[in-house]
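The values are calculated or read from the model by the stated rules, or taken from the named source; none is laboratory data. Predicted model, so just to flag it, every value in this text is computed and none were measured. Reconstructed Cβ throughout: ideal geometry from the backbone, glycine too, with neighbour counts over all protein chains shown. Please note that ligands, DNA and RNA were not included when accessible areas were found on the heavy atoms of the full protein model with its side chains. Shrake-Rupley method; radii C 1.70, N 1.55, O 1.52, S 1.80 Å.
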Amino acid sequence: MTTAAPASYSIPQKALHWLMALLILFNLIFSDVMKEVAEAYERGEVPSPEDLTFANIHAYAGIMVLCLGLLRLGLRLVKGAPAAPPEEPPVLRLAAKLAHGTFYALFFLLPLSGIGAYYFANETAGFVHGGPLKALMWLLIAVHILALLVHQFYWKTPVASRMSRG
């Protein structure tokens with residue numbers, strides 16, 4: 001028996017979406033201290049207490065993203081997701097599925113590579129974390145917002161309300 005897709009995301013799904021969005025944006029915007037801390041250690045110096053505090057906040061926010069991502073994935077598997085609007089061309093429906101799948105992969109890959117870099121001093125993990133994965137997350141966020149604007153103002157679909165209203 002097939003169950004129908006929900007018309008909107010559940011309140012816990014919406015709360016997780018916005019909480020994770022804030023944590024991810026915070027970490028993307030305030031990530032410079034991580035490089036400063038790594039460079040201090042490479043020079044054989046001890047980073048300043050202030051730098052270590054901000055580096056730990058960055059790390060803890062990333063770990064929260066990892067944990068919330070697991071919870072969010074579980075909720076998505078249980079509650080499902082609304083179907084794409086009929087106005088959306090099939091090729092863009094596929095692109096949306098790929099983008100959302102990539103978001104979920106990044107919810108795990110970014111924190112895990114960050115843990116590898118920060119707690120285990122793995123330079124490869126640090127490069128992947130701060131380079132291609134970070135760039136891909138920025139790109140996906142930009143495309144996500146652009147897609148939302150196209151839905152809202154071009155196709156005039158209620159996609160935004162599925163993640164913002166009651």
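Structure notes:
- Residue by residue, the range 111-125 carries 3J(HN,Hα) couplings of x, 5, 5, x, 4, x, 6, 6, 8, 10, 6, 8, 5, 4, 4 Hz when phi is fed to the Karplus relation 6.51 cos²θ - 1.76 cosθ + 1.60 (θ = phi - 60°); x denotes Gly or Pro.
- Scanning the chain for GluC sites (Glu not before Pro) that sit in a DSSP loop and have at most 14 other Cβ atoms within 10 Å, the longest stretch containing none of them is 88-166.
- Going through [x] 15; [y] 42; [z] 31, the figure that equals percent of Cα pairs over 28 Å apart as computed for the structure here is [z].
- Residues with amide H under 5 Å from that of Asn122, placed H, sequence gap 5 or more: Ala117
- Carbon + sulfur, % of accessible area of the chain - ligands and nucleic acids excluded, 1.4 Å: 72
- Backbone geometry of the range 46-52 corresponds, through the Karplus equation with coefficients 6.51, -1.76 and 1.60 at θ = phi - 60°, to 3J(HN,Hα) couplings of 9, x, 5, x, 5, 4, 5 Hz, x marking Gly and Pro.
- Working note: 222 nm ellipticity from helices only, DSSP H runs with n ≥ 4, each -39,500 (n - 2.57), summed and divided by the residues of the chain, gives -24000 deg cm²/dmol to the nearest 500.
- Sequence-distant contacts, meaning Cα pairs under 8 Å at least 6 residues apart, place the relative contact order of the chain at 28 percent.
- Heavy-atom accessible area per residue - the chain, 1.4 Å, Å²: 63
- Here Lys156 is the anchor, and the aspartates and glutamates within straight C-alpha reach of less than 19 Å, apart from those fewer than 8 places off in the same chain, are Glu87, Glu88.
- Taking chymotrypsin sites (Phe, Trp or Tyr not before Pro) across the range 1-72, the ones in a DSSP loop with at most 16 further Cβ atoms lying within 10 angstrom of their Cβ are Phe30.
- With contacts taken as Cα pairs under 8 Å at a separation of at least 6 residues, the range 21-118 carries a relative contact order of 34 percent.
- Residues within the reach of a label modelled at Leu146 (point 7 angstrom out along Cα to beta-carbon, backbone nitrogen below 20 Å), restricted to the range 97-135, are 97-104, 106, 132-135.
- Taking 7 Å steps out from each Cα toward its Cβ at Tyr60 and Lys14 produces label points 2.9 nm apart.
- Between Gly69, Gly116, Gly44, the GNM of the chain built on Cα springs shorter than 10 angstrom shows Gly44 fluctuating the most.
- Hits among lysines - C-alpha to C-alpha of Lys134 under 24 Å, sequence gap 8 or more where chains match: Lys14, Lys35, Lys97
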